[in-house]
Amino acid sequence: TDHGRVINFGAGPSALPLSVLEEAQTGLVNFAGTGMGIAEISHRSKEFQAFLDGFERDIRTQLDVPPTHRILFTQGGGTGQFSAVVLNLLARYKLLRPQASAEDTVLDYVVTGSWSKKAAEEARRLGGSTVRTVVDARVYSKDGKAFDNIPPHAEFAFSADPALIYYCENETVDGVEFAHDAQSPAAFPFHLLPQNTLVPLIADYSSSFMCRPIPRLADHAVIYAGAQKNIGPAGLTVLIVREDCIVDVDAAAKLGAAPVPLILSYKTLADSGSLYNTPSVLAIYMAGLVVKRMKENGGLPYYEEVNRRKANKLYAAVHEGEQKGVFRRKVQQGSESWMNAVFEVLGEGAEKKFLDGAEKEGMKGLKGHRSVGGVRVSLYNAVTEQEVDKLIAYMARFLAESAS
Ligand code: PLP
């Protein structure tokens, strides 16, 4: 049975695989034969520790995370990491360059959408550094205002010795994503990074984590993702941190860096095996079941193939509607996200008609983010190809009706 469930195209929290939800029901009542539910059991129990170890292993193997990088679990979401990356990496920079003044301590932000813009704003709030916008994608947009593209590589002018370089791999609100194919003009310009390979490259993967392999993962210092889009419920944040970015923040504070709250310090998390305080036990459990299921399904090569097909056919349907003057894509060709496809339905009242009609057929969560409007189709791992086919069939019918 489908339990009366609809097709959930929401941007997050978003759909989870039904098979996992069913499996989780068992653990909710009696986890690993302990006679206690997962939300009731101690995070220090050997059963939970074994589960946590397996979860970490499943992420490490599927993403091919090298031994130079730790996998850490925390709370506070992507927003928590907007602050944590700044504080930890300013502490690191202070230890490396104790003489540098705040003006000489540069943070490089690549701004390609609403979330990277927010992250840069938080870096400015926290102070203690000079925050630079390396490139602002709005400059290269069709109207000078929208985040609708990955800018040309020639425009990425990184600083020589920044304390961090920051980008958001997939912009959930705007539907813009760095391309996966290294040859694409919309790929992240790894070749332009400062020659000093220890300059920390930070990536927000909140809405594209484990939808496909991560290009040049080993060249990143920190990769983070809130779980609530691709791999689980809200309340869990996954971090992949290179060892040299796990620093003694108190030693840095003695040299004049800002004090770092214990719970935001990567060293606290690393030294305690992500169990310094009570973790989000239930969210870890469900995300653990999801990544185990992913492994059984063939891992990231499988999801990459399916996600590629889902995105390609959805964009083809939008393109067809564009030819007929009914839809209009919002993102420039080549910069479109695999995970969040955004478009407009043209004409007075047409968008509402489109959304209402979809809802009547059991397809929900299609309304664009309140800041930008339009339609947004989120195509996370749990959305099946058949579900996408159903939406495409609806779009074709909508086109036919609009034409008549
Ligand atoms: N970064 C990206 C790319 C996001 O999509 C989101 C949330 O949608 C965030 C950061 C903020 O994450 P959170 O709500 O977990 O704090």
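Derivation of every value follows stated rules applied to the coordinates shown; laboratory data play no part. In this text, all values refer to a predicted model and were calculated from it rather than measured experimentally. So basically every Cβ, Gly included, is an ideal-geometry build from the backbone, and we count neighbours across all protein chains shown.
Some observations on this one:
- Summarising the strand pairing of the chain, around 55 percent of its internal DSSP beta bridges are antiparallel.
- Distance between modelled label sites at LYS324 and ARG44, nm, 7 Å Cα→Cβ extension: 6.4 nm
- Annotation: peptides 233-245, 138-150, 169-181, ranked by per-residue average of other Cβ atoms within 10 Å with the highest first, follow the order 169-181, 233-245, 138-150.
- Extents of the chain, taken as max minus min of Cα coordinates on every principal axis and listed largest first, are 72, 58, 33 Å.
- When the helices of the chain are scored as -39500 (n - 2.57) per DSSP H run of n ≥ 4 and the total is divided over every residue, the value at 222 nm lands at -12000 deg cm²/dmol.
- Gaussian network model of the chain, Cα within-10 Å springs - most flexible of ASP58, ASP250, ASP204: ASP250
- Fully extending the segment from ASP219 to SER159 would add 19.9 nm, taking 0.36 nm per residue of separation and subtracting the current Cα-Cα distance.
- Quick note on the range 189-285: its Rg to Rh ratio, both from C-alpha atoms and Rh being the Kirkwood radius, is 1.00.
- Label separation (THR26 vs ARG125): 4.3 nm, computed from points 7 Å beyond Cα along the C-beta direction.
- On the principal axes of its alpha-carbon atoms, the range 299-403 has extents of 44, 29, 27 Å, going from largest to smallest.
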